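Have a look at the structure below, then the notes.
The values are calculated or read from the model by the stated rules, or taken from the named source; none is laboratory data. Predicted, not measured: the structure shown is a model, and the values here were computed from it. Cβ sites come from the backbone with ideal geometry, for glycine too, and all protein chains shown count toward neighbours. Note: areas computed on protein heavy atoms with side chains; ligands, DNA, RNA excluded. Shrake-Rupley method; radii C 1.70, N 1.55, O 1.52, S 1.80 Å.
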Amino acid sequence: MNQVITVTATRQSAVRGSVDPHLSIRHYDPDADLMLLHFGPQHPSTHGVFRMDLHLDGEIIVKATPYVGYLHRAVEKLCEKLSFVQQTPIVDKNDYVAPMTNEQALNMAFEKLLGVEVPRRARWMRTLFAELQRIASHLLALGTFCIDLGGALGGGSTAFIHTFRERELILDLFEEVTGARFHYNTHTIGGQRHDLPAGFAAKVNAALDIIEARIPEYEAMSLGNAIFQARTKGVGVLDGQLALELGITGPILRACGIDHDLRRDAPYSAYDELVPKVIVRQGGDTYARMRVRFDETAESIALCRKAIDGMPEGPINGYKPIRQPTMAKSAGGQVYVGIETPRGELGTFVIGGGDTPTSPYRLKIRPPSLHALSAIPYIMPGATVSDAVAILGSLDPIMGEVDR
Amino acid sequence: MNPATQSALIHGAVYGTIVCLAVLTSIAMGIWFERKFAGRMQSRIGPTYTGPVGLLQPVADVVKLLQKEDIIPRDADHALFNLAPPLAAIFSLAAAAVVPFSAKVISADLDVGVVYILGVGGLMVVPTFMAGWSSNNKFALLGGMRAIAQSVSYGVPLVLATMVPVVLAGSLSVSGIVDWQATHHWFAVWPILPGLPAFLLFYLAMLAESNRIPFDIPEAESELVAGITTEYTGAKFTLFYMAEYVHTMVGSAVAAALFFGGWDGPFAPGLHWMVLKTLLIFVSVYWVRWSLVRFRSDQLMDLCWKRLTPLGLGLVFLAAAFVQYWPGGAR
């Protein structure tokens with residue numbers, strides 16, 4: 001389908017409606033004077049090292065080609081060489097905005113492969129950590145998105161620093177439990193490494209109270225602001241069907257009006273007991289995506305409260321905690337575990353067996369951000385360079401997990 | 001050279017130097033103040049290490065910037081590239097010439113001062129586009145393109161907003177308009193209907209002309225890296241940076257003169273009042289800057305041509321009607 005598209009102000013919507021991502025530029029209006037703009041990898045708004053090649057007609061994008069791989073660290077290959085118990089700190093660095101859920105996904109896959117049971121208290125703790133991490137991650141997403149819209153030297157950075165201030169409270173809580181602020185290494189196969197310290201529930205509730213009280217402030221600073229709405233509404237509209245075909249999950253999919261959340265649809269950890277209310281918004285535009293994240297923050301606060309108040313007593317590991325590599329041996333088989341991280345379905349596919357029984361034969365991570373980026377060729381054309389930044393920010397990609 | 005010209009030249013030279021130095025010094029302190037102010041808005045404390053409460057921060061900034069290597073891209077148009085920053089600084093300072101900082105402190109009391117200000121302010125787009133074009137950088141080019149679109153559009157509401165005090169006072173001279181306000185009333189206060197909206201219109205257009213958030217589209221750093229200044233380093237970047245602040249400062253002074261009675265005020269000498277009013281408007285620019293996100297280029301055009309320009313026309317008609325029909329409105 002090679003169509004000749006003349007991009008004028010009046011036909012922008014036509015371009016948005018029927019985008020052919022494989023459009024050859026040769027078939028574009030031959031009279032148009034196109035400019036190829038290398039957007040990234042060294043660009044302040046590419047959320048790390050992401051690159052897009054944008055073909056511009058004036059300021060309007062006619063074709064966008066994403067390129068990934070600038071942060072490739074061969075994590076999956078490394079995991080084949082390390083024993084099962086050594087891998088948790090490695091995957092911490094994948095989605096470096098939500099390390100807790102990375103650990104959780106990996107260890108849940110290993111538990112399923114090795115047939116290890118997790119005690120109830122450990123499952124509740126995982127749920128608590130995952131929801132706290134979701135709040136932290138969504139706060140960061142909102143802050144960086146405001147920077148994308150408003151610049152590092154302006155109102156955007158004000159919103160950014162305010163959301164970071166509250167994210168700090170959650171990092172302090174994690175530090176209290178694990179000793180680390182960011183790369184926790186607290187999930188193990190079959191349980192948790194660190195138990196909750198005394199008086200932790202009060203601290204969690206205090207931090208949540210502060211964050212909850214400030215939510216109206218963020219609303220006024222970002223989503224409620226008229227300029228913010230003008231910049232985001234109707235921008236980067238993603239069709240729900242297309243999102244499903246591209247494998248997009250998480251807040252981006254729920255912003256397209258599709259009610260899908262693994263926490264409720266395929267409960268794991270303690271989500272069978274703590275059922276979350278799934279936030280769904282219509283529209284599929286940039287505003288809807290940020291709105292879903294924003295409302296999920298409030299929902300996660302409620303879930304955290306339930307998790308900390310109902311935290312069961314008991315052991316956080318099995319009878320014999322798995323600490324030595326020789327204690328985790330796989331006879332073979334393959335498993336897939338998907339969990340709902342702040343960005344969507346983080347899948348871990350492990351094949352056991354192989355030459356060394358203490359390490360996986362093959363490990364594949366399915367990062368939600370990679371699938372989110374695959375929407376770019378479809379939703380960028382027709383937008384302007386300013387919109388491109390907003391759209392990329394609303395997809396909230398973390399290049400660490402995209403490139404692994 | 002006749003004695004009148006000679007005396008005007010000497011007057012201009014002396015006061016011009018004083019005004020330039022005063023503006024530049026207040027810019028330096030303004031930058032310190034902005035950093036402290038932004039810090040408070042963002043629950044931080046701003047600069048503290050350089051001097052008492054960080055007062056020497058602007059000095060440190062300038063020294064750091066001047067030490068940097070001066071890089072000229074190989075494929076840049078050298079002549080234009082080097083000419084743009086000084087031109088930007090000159091044009092931004094030039095507008096200060098006709099602003100009356102008190103009844104006496106005015107470098108050149110032109111009969112057509114308002115026209116001069118608008119003309120010199122409009123010239124700012126020339127060095128901006130020179131920088132965008134000569135850098136031979138796509139981000140800079142996009143920034144220059146946006147700058148032209150924005151400056152050409154916002155010239156129109158700026159002129160219309162300026163026309164309101166001109167019509168009300170019946171004078172094109174800035175000091176004439178201030179004199180009229182000193183003997184009658186401030187235009188932002190009365191007539192309230194064309195006066196206050198005209199000030200707000202002027203304010204918005206001034207933000208757009210001096211590339212301030214929410215209209216800092218030509219150098220939108222999250223989109224265009226640094227826009228027109230992407231390839232500039234060291235001293236040349238400093239000149240652009242300074243020109244932007246001077247433009248805002250002079251714009252604030254013009255707004256204070258045209259709408260808030262300039263040096264008019266009780267108890268204190270005129271200079272104090274003028275400086276106070278200018279700084280209050282200047283600070284409000286920061287306040288807006290550190291609160292809002294920016295518009296998109298096409299939304300800016302939309303706002304300008306569909307809302308602000310008709311509004312400006314309406315205000316000019318209202319002002320004319322006021323002068324003609326309001327009892328006591330006639331000059």
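Provide the net charge surrounding B:F91, with neighbours chosen by a C-beta distance below 12 Å and charges set as Lys +1, Arg +1, Asp -1, Glu -1.
So the environment of B:F91 carries a net charge of -2.
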accessible surface per residue for the range A:13-395, probe 1.4 Å, DNA/RNA/ligands not counted, whole Å² -> 35 Å²
Calc'd 3J(HN,Hα), the range B:33-46, phi into Karplus 6.51 cos²θ - 1.76 cosθ + 1.60 (θ = phi - 60°), Hz, glycine/Pro = x, comes to 5, 4, 5, 5, 4, 4, x, 5, 5, 9, 6, 10, 10, x
Phi angles of the range B:259-268, converted by Karplus (6.51 cos²θ - 1.76 cosθ + 1.60, θ = phi - 60°) into ³J(HN,Hα) in whole Hz with x for Gly and Pro, give 10, 10, x, x, 7, 6, x, x, 6, 10
Heavy-atom accessible area of B:L110, protein chains in place, probe 1.4 angstrom, given in Å² to nearest 10, is 60 Å²
Rounded to the nearest 10 Å², the accessible area of B:W326 using a 1.4 Å probe with every protein chain kept is 130 Å²
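Given a Förster distance of 60 Å, report the FRET efficiency between B:V189 and A:Y336 from their Cβ-Cβ distance, rounded to the nearest 0.05.
Computed FRET efficiency for B:V189 and A:Y336: 0.25.
If contacts are Cα pairs under 8 angstrom and at least 6 residues apart, what is the relative contact order of the range A:253-385 in percent?
Values: 157 pairs, mean separation 21.6, N = 133.
Reported relative contact order: 16 percent.
Can you give me the accessible area per residue for the range B:69-325, using a 1.4 Å probe, in Å²? Intermediate results must be reported in sequence, preceding the final value.
Numbers: 9500 Å² over 257 residues.
Value returned for the range B:69-325: 37 Å² of accessible area per residue.
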Across A:155-161, the residue-averaged tally of Cβ atoms belonging to other chains within 10 Å stands at 6
FRET efficiency for A:R362 and B:L55 from the Cβ-Cβ distance with R0 = 60 Å, rounded to 0.05, comes out at 0.45
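Once Rh is set to the Kirkwood radius over Cα pairs, what Stokes-Einstein translational diffusion coefficient, in µm²/s, holds for the range A:128-184 at a temperature of 4 °C and a viscosity of 1.567 mPa s?
Details: Rh = 11.7 Å.
Translational D for this selection: 111 µm²/s.
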With all protein chains in place and a 1.4 Å probe, B:D61 shows an accessible area in Å² (nearest 10) of 40 Å²
Distance in nm between B:Q6 and A:D265 label points, each 7 Å along Cα→Cβ, equals 9.1 nm
Subtracting the Cα-Cα distance of A:E219 and A:E313 from 0.36 nm times their residue separation yields 30.1 nm
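May I ask you to derive the FRET efficiency for A:A74 and A:D195 from their Cβ-Cβ distance with R0 = 30 Å, giving the value to the nearest 0.05? Provide the component values of the computation, followed by the final result.
Numbers: r = 34 Å, r/R0 = 1.13.
Computed FRET efficiency for A:A74 and A:D195: 0.30.
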With x for Gly and Pro, the residue-by-residue ³J(HN,Hα) of the range B:138-144, computed from phi through the Karplus equation 6.51 cos²θ - 1.76 cosθ + 1.60 at θ = phi - 60° and given in whole Hz, is 5, 5, 5, 5, 4, x, x
Residue span B:F267 to B:V63: 0.36 nm per residue of separation minus Cα-Cα distance leaves a gain in nm of 69.4 nm
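Could you put B:D264, A:D272 in order of accessible surface area, largest first, with the 1.4 Å probe and the full protein assembly present? Show your work: numbers first, answer last.
Values: B:D264 35, A:D272 95 Å².
The residues order as A:D272, B:D264, largest area first.
What average number of partner chain Cβ atoms lie no more than 10 Å from the Cβ of the residues making up A:385-393? Walk me through the numbers before you get to the answer.
Values: counts 8, 12, 3, 1, 4, 4, 0, 0, 1.
The per-residue average across the peptide is 4.
Is the range B:82-173 best put as rounded, prolate or oblate by its Cα gyration tensor, with a ≥ b ≥ c the root eigenvalues, rounded for a/c under 1.5, and otherwise prolate when a/b is larger than b/c, oblate when not? Show your work: numbers first, answer last.
Numbers: a/c = 4.32, a/b = 1.80, b/c = 2.40.
Verdict is oblate for the range B:82-173.
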Once both label points are put 7 Å beyond Cα along the C-beta direction, the A:Y67-B:L200 separation in nm becomes 4.8 nm
Note, B:A257: beta-carbon cut-off 10 Å, +1 each Lys/Arg, -1 each Asp/Glu, net 0
Looks like the range A:245-339, by Cα gyration tensor root eigenvalues a ≥ b ≥ c and the a/c under 1.5 rounded cutoff (else prolate when a/b is bigger than b/c, oblate otherwise), is oblate
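Counting only protein chains, not ligands or nucleic acids, how are B:F267, B:F187 ordered by accessible area (probe 1.4 Å), most first?
Working: B:F267 210, B:F187 0 Å².
I get B:F267, B:F187, largest accessible area first.
Carbon and sulfur together cover what percent of the accessible area of the protein assembly as shown at a 1.4 Å probe radius? Provide the component values of the computation, followed by the final result.
Numbers: 18290 of 28620 Å².
The value for the protein assembly as shown is 64 percent carbon and sulfur by accessible area.
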If amide H atoms are modeled at 1.01 Å from N in the peptide plane, then the residues at a separation of 5 or more from B:V112, or on another chain, having amide H under 5 Å from its own are none
Order by accessible surface, 1.4 Å probe, largest leading, for residues A:C256, B:C20, B:C304 comes to B:C20, A:C256, B:C304
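Taking the Cα centre as origin and putting +1 on Lys and Arg beta-carbons and -1 on Asp and Glu beta-carbons, what dipole magnitude results for chain B, to the nearest 20 debye?
Working: 19 positive and 19 negative charges, 124 e Å.
The dipole magnitude comes to about 600 debye.
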The set of residues whose placed amide H lies less than 5 Å from the amide H of A:I279, leaving out same-chain residues fewer than 5 positions away, is none
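With charges set only on the Cβ (+1 for Lys and Arg, -1 for Asp and Glu), what does the dipole of the protein assembly as shown come to about its Cα centre, in debye to the nearest 20?
Working: 60 positive and 65 negative charges, 179 e Å.
It works out to roughly 860 debye.
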On complex formation of B with A, accessible surface lost, both sides summed, probe 1.4 Å, nearest 100 Å², amounts to 2700 Å²
Percent of all Cα-Cα pairs per 10 Å bin for the protein assembly as shown, counting from 0 up to the last occupied bin, reads 3, 13, 20, 21, 17, 13, 8, 4, 2, 0, 0
The whole-number value in µm²/s of the Stokes-Einstein translational diffusion coefficient for the range A:13-395, with Rh from the Kirkwood sum over alpha carbon pairs at 25 °C and 0.890 mPa s, is 113 µm²/s
Mean separation of Cα contacts under 8 Å (at least 6 apart) over the residue count of the range B:69-325, i.e. the relative contact order in percent, is 28 percent
Across B:284-294, the residue-averaged tally of Cβ atoms belonging to other chains within 10 Å stands at 6
Between the modelled labels at A:R323 and B:N82 (7 Å from Cα along Cα→Cβ) the distance in nm is 7.1 nm
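Need one word for the range B:69-325: rounded, prolate or oblate. Basis is the Cα gyration tensor (sqrt eigenvalues a ≥ b ≥ c); a/c below 1.5 gives rounded, then a/b vs b/c decides. Don't skip to the answer; put the middle values down first.
On the way: a/c = 2.21, a/b = 1.66, b/c = 1.34.
Prolate.
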